[in-house]
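The values are calculated or read from the model by the stated rules, or taken from the named source; none is laboratory data. As the structure is a prediction and not an experimental result, all values here were calculated from the model. Note: ideal-geometry Cβ built from the backbone for every residue, glycine included; neighbour counts use all protein chains shown. Note: accessible area is taken over every heavy atom of the protein model, side chains too, but ligands, DNA and RNA are not part of it. Shrake-Rupley method; radii C 1.70, N 1.55, O 1.52, S 1.80 Å.
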Amino acid sequence: MELLNVLMREKFLLIFLGSFVLGVALRSFAEISLAFATFLVLIAFSFFLLDRIGGLKNSSYLFLAVGILGVAFGIVRFDISEAGKKDPTLLSHINQKVIFQGVVSDVPDEREDSLRLVVEATKFSAGGQEFLASAKVLVVTSLYPKIKYGDEIEVSGVFAEPKNFADPDGKIFDYQGYLAKEGIYFEVHRPVVAVLGKDKGNPLVAKLFA
């Protein structure tokens with residue numbers, strides 16, 4: 001029985017992941033509103049109720065519920081990742097000096113002479129004006145001060161969009177697409193960085209990274 005439960009959980013996980021990817025793919029090719037994603041969640045909940053209420057227990061209902069829920073989550077996830085890219089306020093400050101605050105949302109990538117940080121930025125300042133926005137920003141800075149996942153930092157530097165480049169063989173590397181897969185559409189190179197706070201990330205993720 002325990003083995004059967006494990007196999008069922010694995011099947012549910014595979015169905016959810018597959019439908020999640022399908023939802024992201026569908027949203028990337030078509031304009032699908034968040035209202036439709038909410039409607040899918042309601043349908044998934046209906047199938048879940050069919051499985052639980054009135055003695056109609058049937059794993060097929062649960063599989064449908066998980067699959068539909070995965071598609072809905074994929075649509076929402078795509079919209080979240082696109083939010084920063086489409087923000088006209090952020091786009092209007094490309095190649096300008098910008099100051100922003102945010103939390104390091106991934107484990108820092110330490111290179112030989114630099115540190116690459118993914119920052120979930122939320123508060124921006126440019127041209128003497130402050131504004132709120134949400135975007136992932138790749139920050140390429142010096143190795144010191146040491147910065148960890150969950151640190152809240154302030155970054156001051158030139159705001160830019162990633163650019164594709166040629167590798168040693170002359171082939172064009174789709175750097176923009178590579179970063180876009182992680183929802184990153186902006187970057188700042190060699191800025192001034194100040195640590196404002198610690199332990200602002202997910203405690204469980206912080207322990208895993210540690």
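With respect to the conditions (1) more than 13 Å from I99 (Cα to Cα); (2) assigned to a strand (DSSP E or B); (3) aliphatic (A, V, I, L, M), A206 falls short on a single one, namely (2).
If you go through region 177-192 one residue at a time, how many are assigned to a helix (DSSP H, G or I) and at pLDDT below 85?
The qualifying residues number 3.
Is region 73-92 home to any residue that is in a loop (DSSP other than H, G, I, E, B), touching a residue at least 24 places away in the same chain (Cβ under 8 Å) and open to solvent by 70 Å² or more (accessible area, probe 1.4 Å)? Among the residues of region 73-92, not one is in a loop (DSSP other than H, G, I, E, B), touching a residue at least 24 places away in the same chain (Cβ under 8 Å) and open to solvent by 70 Å² or more (accessible area, probe 1.4 Å), which makes the answer no.
Among the residues of region 161-180, the ones that are of a type in the set (A, V, I, L, M) and over 20 Å from V140 (Cα atoms) come to 1 in all. Being touching a strand residue (DSSP E or B) at 6+ places or on another chain (Cβ under 6 Å) and open to solvent by 20 Å² or more (accessible area, probe 1.4 Å) is the filter here; which residues of region 176-189 pass it? The answer is H189, and nothing else. Please find, within region 190-207, the residue that is farthest from G157 (Cα to Cα) out of those that are of a type outside the set (A, V, I, L, M, F, W, C) and open to solvent by less than 40 Å² (accessible area, probe 1.4 Å). In this case the residue turns out to be G201. Name the single residue that is nearest to L69 (Cα to Cα) among those in region 33-51 being under 21 Å from the mean Cα position of the chain (by Cα), modelled with pLDDT of 85 or more and aliphatic (A, V, I, L, M). Out of the qualifying residues, it is V41. Filtering region 115-132 to residues that are part of a strand (DSSP E or B) and not aliphatic (A, V, I, L, M) leaves R116, E120, T122, K123, F124, S125, Q129, E130, F131.
Once region 143-175 is narrowed to residues that are under 16 Å from V119 (Cα atoms) and β-branched (V, I, T), the residue that is surrounded by the fewest Cβ atoms within 10 Å (Cβ to Cβ) is V158.
For region 1-32, taking the residues that are of a type in the set (G, A, S) and modelled with pLDDT under 80, the one that is least open to solvent (accessible area, probe 1.4 Å) is identified as A30. Exactly one residue among L117, L64, L69 is of a type in the set (A, V, I, L, M, F, W, C), surrounded by 16 or more Cβ atoms within 10 Å (Cβ to Cβ) and farther than 30 Å from V41 by Cα, and that residue is L117.
Could you run through region 181-205 and say how many residues are more than 17 Å from the chain's Cα centre (by Cα) and either under 24 Å from S142 (Cα atoms) or of a type in the set (S, T, Y) (or both)?
Residues in region 181-205 being more than 17 Å from the chain's Cα centre (by Cα) and either under 24 Å from S142 (Cα atoms) or of a type in the set (S, T, Y) (or both): 12 in total.
Residue selection: K146 fails the criterion of being closer than 24 Å to P203 by Cα and not in a loop (DSSP other than H, G, I, E, B).
In region 141-157, the condition of being under 19 Å from K97 (Cα atoms) and touching a residue at least 60 places away in the same chain (Cβ under 8 Å) is met by at least one residue.
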